[in-house]
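Okay, structure first, notes after.
The values are calculated or read from the model by the stated rules, or taken from the named source; none is laboratory data. Remember, predicted model here, so these are calculated numbers, not experimental data. Neighbour counts are summed over all protein chains in view; Cβ atoms, including those assigned to glycine, are modelled from backbone coordinates with ideal geometry. These area figures cover heavy atoms from the full protein model, side chains too; ligands, DNA and RNA do not enter into them. Shrake-Rupley method; radii C 1.70, N 1.55, O 1.52, S 1.80 Å.
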Amino acid sequence: MRRTVGRWTTGVVAGLVLLAGCAIPSSGPVRPGDWHADEVLGAVTVAQGPQPGASARSVVEGFLTAGAAGLTGDFEVARQFLDPADARSWQPLAAATVTRSTTLEQTADDQVVAMLAVVGQVDADGRFTERSGIGQAVTFDLVEVEGEWRITDPPPGLIVSDRVFGQQYRRAPVYFLTPDRTQLVPDVRYFPVHDLATSVVSELLDGPSPWLRGAVVSALPDGVSLRSETVRVDGGVAQVVLEPARTVGSAGERDLMLTQITSSLSLGHIRSVQVRAGQDGALLTGEDVLAALPAGLPVMLSGDALVQQSADLVPVDGVGTLAGLRAGAPAVSEDQTLRVALSGTDRLVALPTDSTAARTLLAGPGLVRPSVDRHRWAWTATSAKGAGLHAVTVEGEVVDVSARWLADRTVQALRVSREGARVAVASSGPDGLVIEVCGVVRDAQGRPSSLTDPVRVGPGVLVADQIVWTDPETLVVLGRVGGVTTLTRVPVSGISEVLTPVPDAVAVAADRSGSTLMVATVSGSLLRHYGSTWVEIGPSDQPMRDPTYPG
């Protein structure tokens, strides 16, 4: 006998309600079962199928458990909990909802509601969107099939705990190129560990995420595909076979193409990568032709001087006295040819040299901390609503870099990534504070022309006075309200982390590798982040302010 009832539904819940009943465990054994060894994971639990006479609630719980376990296989066990027609059409990898907790309640004989505290969602292409613990309800409807409860019309994708997500998904940057083909730009994705290398190369061939299109390019020729849609990994060696062989073998940018592939496959279980043009083609070889950006030492203000931190604090060569400028928030280019700062709150100036006075590059109300990109453009924004961003050269050329998504917003902070293809923007508007990362579209000379539609990050951050890039994939946001300071590590793709606060911090700086994060305090002290603590560095008798790294 088969009894059909209503469809499943989903809805956002204003506050997460813990309903009566047993929650799905977040630790310990899921249910009795076998295990097998996986190349990447090691021991993996194998879920059991539905038991005879199982309740509707038990069937839903078993389905969620088996779905998570199916990430290492083909989801055969999870499909056993579904109505036969739905078992064939269900698409488990269409999405993944990552939860901090999941609570089940049976609301009718043939209906079970799962209450989710959602921390993130992953789409079919591996793009992760942070949700910051939002409450969501998913309703599972069931039918009787030969006397046993089975789920009908299940939602596409999986519901997995953050613990399972950490075990069975891997963060994988897929690398594209800046338009001048000198720097790599990561497009971070999350894929199931099962057949991870295939997922990475497939997405590389499909191209960048929508928010990066126009800001990055790829050296892989159009129309190239992955033979048999599979990357074989044997003994730590990844075998990538691309077709059509003639197109790949004659690729004009072979070195860059190989760099994109091998960099994207820099995964823990892969030691080397072999790329062939066609099944019987010779191995493709090339050289790393990308330019390395200089590391750069931090600079900061001390008294009326711009100083640089090495073994000691020393004045920066070629910069004159800042007396009378009311200088703050300095920014310098990687090659030190552009050095700017705010003068008061309404002028962006090129810093004076030993022989020339400071020059005003841009004037406007409430300018935000500037950021200098590797193309030697200094970026800032005014407090005017809807004014967008402004970029200026040392010669004084100004470009208004507008974007429709900033039309009704006021920019609070910004920072251009060191390769120059992305910019992080914090802005306030009708929906409060929002942090977004977008692509920077430039012309052939590196002149910025527009911004792409952004991706939102760090939904739990409520205040943003400053943004820095700690590495190519991660931001740190400093916010200060009423003497209370927050520091939050915000990945462009992933889950944010609140850092140990420094109550009187007023500025933050980070190097390009993520190994050095420092803050300056109201009293002029400089502290560096070590593990989960902050340690004072620098001379205690020389007050410092506004530290920054080049770029």
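Do you know which residues across segment 522-534 are under 22 Å from TRP469 (Cβ atoms), outside any loop (DSSP other than H, G, I, E, B) and without any contact (Cβ under 8 Å) to a residue 60 or more places away in the chain? Lay out the reasoning, then the answer.
Restricting attention to segment 522-534, the residues satisfying the condition of being under 22 Å from TRP469 (Cβ atoms) are 526-532, 534.
Then drop every residue that is not outside any loop (DSSP other than H, G, I, E, B), which leaves 526-530, 534.
Across segment 522-534, the qualifying residues are LEU527, ARG528, HIS529, TYR530, TRP534.
Condition first: surrounded by fewer than 21 Cβ atoms within 10 Å (Cβ to Cβ) and aliphatic (A, V, I, L, M). Now tell me which residues in segment 139-160 satisfy that.
Scanning segment 139-160 gives VAL143, VAL145.
Here are some residues: THR321, THR247. Which one is in a loop (DSSP other than H, G, I, E, B), open to solvent by 20 Å² or more (accessible area, probe 1.4 Å), farther than 27 Å from ARG512 by Cα and in contact (Cβ under 8 Å) with a residue 24 or more places away in the chain? Steps first, answer last, please.
On the way: THR247 fails: in a loop (DSSP other than H, G, I, E, B).
Selected residue: THR321, the only one of THR321, THR247 that is in a loop (DSSP other than H, G, I, E, B), open to solvent by 20 Å² or more (accessible area, probe 1.4 Å), farther than 27 Å from ARG512 by Cα and in contact (Cβ under 8 Å) with a residue 24 or more places away in the chain.
Within segment 494-521, take every residue that is part of a strand (DSSP E or B) and not aliphatic (A, V, I, L, M) and give me the one that is nearest to the chain's Cα centre (by Cα).
Looking only at segment 494-521, we keep the residues that are part of a strand (DSSP E or B), and these are 497-498, 505-510, 517-521.
If we keep only those that are not aliphatic (A, V, I, L, M) as well, we get 497, 521.
Values: GLU497: 13, THR521: 28 Å.
It comes out as GLU497.
Quick check on this structure: which one of GLY296, GLY281 is within 30 Å of ALA219 (Cβ to Cβ) and touching an Asp or Glu at 6+ places or on another chain (Cβ under 7 Å)?
Values: GLY281 fails: touching an Asp or Glu at 6+ places or on another chain (Cβ under 7 Å).
None of the others qualify; the one that does is GLY296.
Within segment 169-195, count every residue that is touching a helix residue (DSSP H, G or I) at 6+ places or on another chain (Cβ under 8 Å) and assigned to a loop (DSSP other than H, G, I, E, B).
3
Anything in segment 403-447 that is crowded, with 16+ Cβ neighbours inside 10 Å and hydroxyl-bearing (Ser, Thr, Tyr)? List them, or say none.
First, pick out the residues of segment 403-447 that are crowded, with 16+ Cβ neighbours inside 10 Å: 403, 405-406, 409-427, 433-442, 446.
THR410, SER417, SER427, listed by residue number.
Do you know which of the residues in segment 387-398 that are open to solvent by 10 Å² or more (accessible area, probe 1.4 Å) and in a strand (DSSP E or B) is farthest from ALA510 (Cα to Cα)? Quick ask: steps written out before the conclusion?
We begin by selecting, within segment 387-398, every residue open to solvent by 10 Å² or more (accessible area, probe 1.4 Å); these are 387, 390, 393-398.
Of the ones still in play, those that are also in a strand (DSSP E or B) are 390, 398.
Numbers: HIS390: 23, VAL398: 27 Å.
Only one residue fits best here, namely VAL398.
From SER250, SER302, grab the single residue that is modelled with pLDDT under 90 and either of a type in the set (S, T, N, Q) or in contact with a Gly (Cβ under 7 Å, 6 or more places away or on another chain) (or both). Before you say what the answer is, go through the steps one by one.
Numbers: SER302 fails: modelled with pLDDT under 90.
After ruling out the rest, the residue left standing is SER250.
Of all residues being charged (D, E, K, R) and either part of a strand (DSSP E or B) or in contact with a Lys or Arg (Cβ under 8 Å, 6 or more places away or on another chain) (or both) in segment 336-353, which is most open to solvent (accessible area, probe 1.4 Å)? Just the residue, please. Reasoning before the result, please.
Filtering segment 336-353 down to residues charged (D, E, K, R) leaves 339, 346-347.
In the following step, the residues that additionally are either part of a strand (DSSP E or B) or in contact with a Lys or Arg (Cβ under 8 Å, 6 or more places away or on another chain) (or both) were identified as 339, 347.
Values: ARG339: 51, ARG347: 82 Å².
So the residue we want is ARG347.
For segment 368-383, does any single residue satisfy the condition of being open to solvent by 50 Å² or more (accessible area, probe 1.4 Å) and farther than 20 Å from GLY296 by Cβ?
Within segment 368-383, one or more residues are open to solvent by 50 Å² or more (accessible area, probe 1.4 Å) and farther than 20 Å from GLY296 by Cβ.
Residues that are within 20 Å of the chain's Cα centre (by Cα): find the strands (runs of 3 or more DSSP E) completely inside segment 95-162 holding 1 or more of those.
Values: elements: 95-108, 111-123, 128-145, 148-152, 158-161.
Where strands (runs of 3 or more DSSP E) fall fully within segment 95-162 and carry at least 1 residues being within 20 Å of the chain's Cα centre (by Cα), they are 95-108, 111-123, 128-145, 158-161.
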